[in-house]
Every structure is written in structure tokens, then in C-alpha cells.
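Q: Handing you a structure now.
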Amino acid sequence: MQELTTVELRPEAGAGLADPSDFAAPVVVTRPARTQSASPLRHRLPAAATQSLRAGARMLGEEADHGRLLLFSPVFLGAGAAVWFLAASDFPLIASLLCLLAPATAVFLTGRSRPALRATFAALALFACGMLSAQFESWRASTVILDSSVTTTVTGRVERREGDGRGRWRYILAVTGTETPELKRPPGRITAIARGADAPFEIGDIISGRARLTPPAGPALPELNDFSFGAYFDGIGANGFFYGAPEKADAQAGPSAARSASEALLEWLYQLRSGIGDRIRSILPGDTGAFAAALVTDERRAISNATTEALRQSGLAHIVAISGLNMALSAGIFFVGFRMLLSLFPGVAQAYPTKKIAAAGALIAVTAYFLISGFGVSAERAFIMMAIMLVAVFFDRPSISLRNVVLSALVIIAISPSEVLGPSFQMSFAATLALVSGYQLWKDRRIRDNALLKLPIIRPVVTVAGFFGGVFLTSLIGGFSTALFSIEHFHRLTAYGLPANLATMPIISFIVMPAGLLAMLLMPFGLDAPLWKVVGFGLDLVIAVAKTVSGWGGDIGIGRLPAWYFAVAVAGFLLLTLLRTRLRHVGTSILSVATLILLLLPVPRPPDLVISEDGSLVAVVAAAAIASNRENPPDFIFDQWQRALVLPAHEAPKMLDGPAIPPEGEDRRVRLSRDQQNEARAAMRAAAAGGDANRFSCVKKAWCISRLGNGQVVAVIDNAAYLGPACDAADIVVTSVRLRFNSCHSGGTLFTGETLRRTGSVELRFADAGLEVVTAFETLSRPWMRHRAYDWRSNSFAESGLAGVSDSGE
């Protein structure tokens, strides 16, 4: 390194600086020379960081000036509710109140001169408020959930009904009594399917019949959707079906009166809804009529499974749900049509604000639509959003804005905080946020005048291109914004949703919804049939597009996402859609980095064995196939397994000859003789040794056994009489019978109906350190889980939720 020689002139001590003679003799100082890159790098990095911080602070101030920080209020409110619901146990009420009171007091005490600190305290207060609202909703619901499956005679009052078009009716009953046996903890409300009746029962009828009732299903696998959570907040304590057709308690009596005016109003609305659905299905047969009725009343059970699956695989299932698309088209068509009608009368148009009158009419129309829609979450969100937009017209405020979206989110979270965890709420608001944010970016773009586009010949082309361009962008933005939530909740993506939506949106917008709106207006006069035929024509085209696109494939299985990725990705998405400055690209960076990390991390190892929550279905997971103990496994559970684990094709068990011991129909708990035990033990060992690895060999209605690739043997028994031989022949034994003990005498691991009732579904992985057991429930302290700990013999709740789960051989 070269050296630099400099000459310094230093003044003598005590001398002034006015006279050059005051300087002493020159002093020669030698310093090492700096490299060319050292100095700029040393000064440039702090300068760049300081500049970035200043720019970030400036943009954050701009966001605050535009009120964008207020847009995050439902985020903190919903996060508080989600934390309360996902916690292992309830928070003490006093602690929750203190958590709300402390930051709320700090907000009032903090001056306006410290906006950042004040915003932080406000966010904490909203978070605590979300927790309290979740706790209040849980207390308000207080649903009694059936503790275990039972066959009993049920008597109840019909509150709602819905047909499936194939002679079966689904009733929601308010239970008034049970007998043979009489339940000690009867649920207050159940859903039951009835078939065989000549005519459906009317709302308000008291019916009775022998029924098989089961509790709402828990997660099919750990970390999957717990259906008992939604049932608890919907007030449904059990699901089931009637053996044969139920009977009306008093054949001569009419429907009983409701207990209150609000219940009477709701029942009248449900009767109206059911009558409208029946009317539409009587005019349009088959799936076409079921589809049309679903668009109006949200009754979807009558749509066949084939059509439902085609709509789902083609990315068109959102059309069936009453959501923002349906509400927006209904309100828009009514608003434009009514305003055009008023404009035909010059005196009215000049004397009155026709725009506000049309908005009032549209508000009445969407309110009526919502009242007959069944009050679904997506319909509720869309109605609140449309009502706020139309009310904004009264005050000459912008209709499409993020503040309207935020206000509707706040209302829904305040009314039903539990919806925050549901796919309907998340996907609805994700799509709405993305579309409104995209609209505002499009509106704020720089527009350049182009004389060519104003030519009369070009204008129609521009209009058509603008419409299809809008459909394209709407479908693209909506698809991307809901992809994350579709993967999280349904573990799949639809590859061809964009072309399917491009083909069907003109049909829905110009044929189905306008004709359907006119048909509803003419229905009271009996003049609606021709217009429903037009609706049917359009829906036939939609179904044809759905079946064509679903035939292309494109249903991509993704599997379960890590919990950290979903939380981080949602945070990035919210920053991207709620901010207006370049700070929103922080959200883009978060999404990109999180996705990159997810792709670079090794794929989690799938379980080696999965067990359903009742022990009736067990499957061995291998690379080549998934082998279960059932020839035809139940679709409800098995489909969730295949989507969550991205499993290959199902391999049915190998059925063995030989009668079950004891014969079918005898007591499932009967004891076998010593010779019968030896015979069963030998048969199990021979089947395990001679059968294919990772495939079950079964004796029907008796037992199944499989030898895994690592040499472990798994046995599944349908009859408790085979427990002894199974414990001797296998390392892991599973039975759906609710036994009072939870371990094998041989030291093998035992899962019974009783232990599985407490733990829920189970995943097993074989590792060097031993058997790794993952259960759906670790504790049973939450209100929607407590029924699993109930013991009807002692009429009390057990404290532990994990009895008998660990490997007893350790």
C-alpha cells in the first residue's frame, strides 16, 4: 500500500491565528493511503440505511395521513379472536378485561404528539377486544354436543328442511325429548336425514322416530378442520339419520307455534325460502333446477355429486355460493335498470335524485335476497358490503373503497368472531381486498389520451375488449388472492379456473342473473316460469363448461402447509393489499421470501400409519399406494386424507376366506374359547407373514392385519373378542370398540374407541427413537371439545384427554 506524505502547519502554543508568522516550522506527517473502495463503502452504507429509514418513515406518515392505519383495525380484532380460539385453554375473564383496559387507558393518556405509541396501544386494545368477543360468543353459544354415537328415539320440532332431489330430506330439529335410552346430556338441536316419507314435513311440525345420532366430526387428521368447532357455534349438537320414515307426533295437529317473535319471523323466512326453492325445482328439472335454486336460496344439496365435483374442479364452485358476485350483480342490475326506468320520465329525473332512489331500491332488493339466502357467511359478508356501498351513495361518498370492506369485516367479526377461522370468511375477504385494491390502483393510473380509441368504429371493440379484460383481471386477481386459503383449507389448486371463468362470466352476467332477478319479481304473480327457462338455458351452458374444463384435469394436490407459512403469508398479503405507498411491496417481499423458504425446506415426512377418530378406518401410507382396512373407505374421511397427504391411489385389502368367530350378529364382546383364540392367533400370524407388505389382509367383520415395510405388524379388529390374539400377533392394535382398558398384555400399543374419542385422529411415525404419536387433541378444555371427556356412567367430565395414547411397550 502506498503512503501519503502531507505537510501540516501547526500554530505555536498560545499564538493567535491572524498572523502567518505565528505558525511553527512545518511538520511532516506520513499516513497510509486509503484504498479507493474503502471510503465510499464505509460512508455509503450508513447513508443508504438512513435514507431508507427516512423514506420508510415518510411513507408511513403518508399512510397515516390517508387513514390507512385504520384499515388494520379488523386485522388486530380478528387476530385476537383467532388467538383465543386456537389457544389450548380458555383465558380467565379478569385477565382478558385487564388486557383490554390497560391499552385502552393508555390510548387516552397518550397525547396526539406521539402517534406511533398511540397506534400501538390501540392495536393492543383491539387485539384484547377480539379475545373478549370470542369468549363472549363461546358463552353465548353454549351448545350441548353429543358425547358419543347412540341409537335412540328422537322427538323434535322441525326448524328447517332441505331436500336433495332424490327423496331424502335434511331436517334441523329442536330436540324436545329422547327415549330408549333417554340421554342424560341431550343436544338441543340436531340435523337428521329422513327418507321414505310421502311428503316432507312442514316447518313447525313435531316429528318422532328411531334415529342413529353421532357427534359432529373432529379433524380427519391432526391440524385439519375440526367440524365440531363450526357445529358448536351453529348450535348443532349431533348429526344423524332416521331408521325409516319418522312420524308426525299428532297427525291432526298443524305446525306448533314458535317460542318467540324472532323465532316466528325466522321460521316464516325459512318457509318462504323452502317454497321458492320448491317452485324453481318444479319448473327446472334435475341439476339445472337445483343449480338455479342454489343461486337464490343457497340450498345446494339437490345438486348431484358429479356436477358439484365438476364445478369445483373447474374453479366455478364460487358461483353456487351466494357471495359478492351474486350480490353485486343483483344490486347492479337492479340499480341500473331502475335508474334507467326513472330516466324515461323527464319530470321525475329533473325533480328527484334518481341515483339515490335507485340505490334505495337496490338496497331493498339485496336485503330481500339476503333474507331468503339462509344467512350464510359469504352472503352475510356480501350483503353488509353491498349495503355499505349503497348507503354511501346516499351521502355522495365513494362506493368502492377499502374502508367499506373494513367496516363490513368489523361488523362480521363483532357479530361472529368464530367465522375468522373459516374458509368462507377468509376467502371472501381475501378476494374482496385484492379486487378493491386492484381497482384503486387501476383508477389512480395515468391515463393518456388516444384519439384512435374515440373513433365511432373503434368504440364497440374497445367496450367489448374492456369487458373481457375486466373479467380476465377480476378472475386473475381473485384466483391468486384465494389460492393461499384454498391450499390451507382444501389442500388443492385449480389450474384451469381462469378460462372457465372467462367463458362463464358473460353467461352469468347477461343471461342468468338478469333473468333470475326478473323471475323473482314476477314470481308473486305466477308469471316467472318463462324467465326461469331462460335461467335454465344459461345454467346448462355453465354446467357444460364446468364438465368440459374439469375433463382437462388440472386439480393439483398441494398437501398441508406448515403453520408458520400460512401466518407469514397472510401477513404479507394484508400489507400488500391494505397499504397504498411503496411500503406495500414489503408484503410482496414477505410473500416471496416465505414461499422461497418453503420450497427450499425439505418436504416433511408423511406418517406411516393414520387412524380415524373412531378407529373404524386405518391406512398404511407408502410411496406406491395407501392401503386401508376397508374395501370402500368412507369418502368424507378418506378424501381428506388423500388431499392433505397428497396420497397415491387406494389399495383395497386382500379378503381372506373363513368365517368370523363368533358368527356375524353375535355379541361383539363375547369371549373366545382357548381353541378359537389359538386358531385366530395362528391365522393372523400367517396372514401377516404371508401377505404383501404395506397391505391389509382381512376377514370380513372380524379382523385385518398388515406387515409394514419396517417389519412392524398392525392389526385392526372389528370385534373385541379378537383382542387377545391381535395383541399377541401385532405390535399395534386398533379397535373401534370402547374398552375400559388401554394397553395390551403383550406390551403392544393399543388404540380403542374410548382412547380415540379423547384424542381424535392419530398419525404414527416410526423413528429410531421409538414410535412417534401425533394426536388431533392434546387437551379437551375448550367448549367444543369437552363432550369428548364426558362419561355417561358417572355423568361427569374426565380431566385428561390423552389416556392410553402412549406406546405401552416403552
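Q: Round to the nearest 10 and report in Å² the accessible area of CYS99, as given by a 1.4 Å probe over the protein chains' heavy atoms.
A: That residue has around 80 Å² of solvent-accessible surface.
Q: Cross-link candidates for LYS533: which aspartates and glutamates have Cα within less than 20 Å, leaving aside residues fewer than 8 places away along the same chain?
A: ASP278, ASP287, ASP298, GLU299
Q: What's the magnitude of the charge dipole for the chain around its Cα centre, counting Lys and Arg as +1 and Asp and Glu as -1 at the beta-carbon? Answer in Debye, nearest 20.
A: It works out to roughly 1960 debye.
Q: Right, next: Rolling a 1.4 angstrom probe over the protein chains, ignoring ligands and nucleic acids, what is the accessible area of TYR496 in square angstrom, nearest 10?
A: Roll a 1.4 Å probe over it and TYR496 shows about 80 Å².
Q: With just the Cα atoms defining each centre, how far is the stretch 60-131 from the stretch 609-662? Give it in Å.
A: 47 Å
Q: How big is the chain by Rg and Dmax over its Cα atoms, in Å?
A: In order Rg, Dmax, the Cα atoms of the chain give 33.4, 128 Å.
Q: Ok, one more. Applying 1/(1 + (r/R0)^6) with R0 = 25 Å to the Cβ-Cβ distance of ILE364 and ASP396, what FRET efficiency is obtained, to the nearest 0.05?
A: For R0 = 25 Å, the calculated efficiency reads 0.80.
Q: What Cys residues in the chain have no fellow cysteine's beta-carbon under 4.7 angstrom?
A: Taking the Cβ cut-off of 4.7 Å, the unpaired cysteines of the chain are CYS99, CYS129.
Q: Tally the DSSP beta bridges in the chain and give the antiparallel ones as a percent, rounded to 5.
A: If we restrict to bridges inside the chain, about 80 percent are antiparallel.
Q: Which of the trypsin sites (Lys or Arg not before Pro) found in the stretch 530-602 are in a DSSP loop and have at most 15 neighbouring Cβ atoms, other than their own, within 10 Å?
A: ARG582
Q: With a cap of 14 neighbouring Cβ atoms within 10 Å, and only residues DSSP puts in a loop, list the trypsin sites (Lys or Arg not before Pro) found in the stretch 688-794.
A: Hits after loop and neighbour filter: LYS701, ARG740, ARG793.
Q: Along the charge dipole of the stretch 540-690, which of LEU617, LEU579, VAL549 sits closest to the positive end, that is, farthest toward it, with unit charges on the beta carbon of Lys, Arg, Asp and Glu (+1, +1, -1, -1)?
A: Towards the positive end, the residue furthest out is LEU579.
Q: Provide the packing ranking of 622-633, 594-605, i.e. peptides ordered by the mean count of other C-beta atoms within 10 Å per residue, highest first.
A: 622-633, 594-605
Q: Take TRP792 and LEU269, extend 7 Å from each Cα along the Cα→Cβ direction, and tell me the distance between the two endpoints in nm.
A: Going from the TRP792 label point to the LEU269 one covers 3.5 nm.
Q: Which sequence of ASP147, ASP555, ASP65 reflects their accessible areas, 1.4 Å probe, from the largest down?
A: Descending order: ASP65, ASP555, ASP147.
Q: Report LEU100's accessible area, 1.4 Å probe, all protein chains in place, as a number in Å² to the nearest 10.
A: 50 Å²
Q: At q = 0.12, 0.19, 0.23 Å⁻¹, what is the log10 ratio I(q)/I(0) for the stretch 149-208, with the Debye formula run over Cα points and no solvent?
A: -0.28, -0.68, -0.93
Q: Further question on the same structure: For the stretch 349-421 and the stretch 759-774, what is the separation of their C-alpha centers, rounded to whole Å?
A: Comparing the Cα centres of the stretch 349-421 and the stretch 759-774, I get a distance of 49 Å.
Q: Provide the percentage of antiparallel DSSP beta bridges, counting only those with both residues in the stretch 559-661; round to the nearest 5.
A: 75 percent
Q: In Å², and per residue, what accessible area does the chain have when probed at 1.4 Å with the other protein chains present?
A: 51 Å²
Q: If you don't mind, there's one more thing I want to ask. Please give the FRET efficiency for ARG166 paired with ARG212, using the beta carbon to beta carbon distance and R0 = 30 Å, rounded to the nearest 0.05.
A: Once the sixth-power term is evaluated, E becomes 0.95.
Q: Largest first, what is the accessible-area ranking of ILE487, ILE511 with a 1.4 Å probe?
A: The most accessible residue leads, giving ILE511, ILE487.
Q: What does the extension gain come out to for TYR352 and VAL593, with contour length at 0.36 nm per residue minus their alpha carbon separation?
A: Contour length minus Cα-Cα distance gives 81.2 nm.
The values are calculated or read from the model by the stated rules, or taken from the named source; none is laboratory data. All figures in this text were calculated on a predicted structure; none of them were measured in a lab. Cβ coordinates were reconstructed from backbone atoms using ideal geometry, including for glycine residues, and neighbour counts include every protein chain displayed. Ligands, DNA and RNA are stripped out before the accessible areas are found, and what is left, the full protein with its side chains, is counted by its heavy atoms. Shrake-Rupley method; radii C 1.70, N 1.55, O 1.52, S 1.80 Å.
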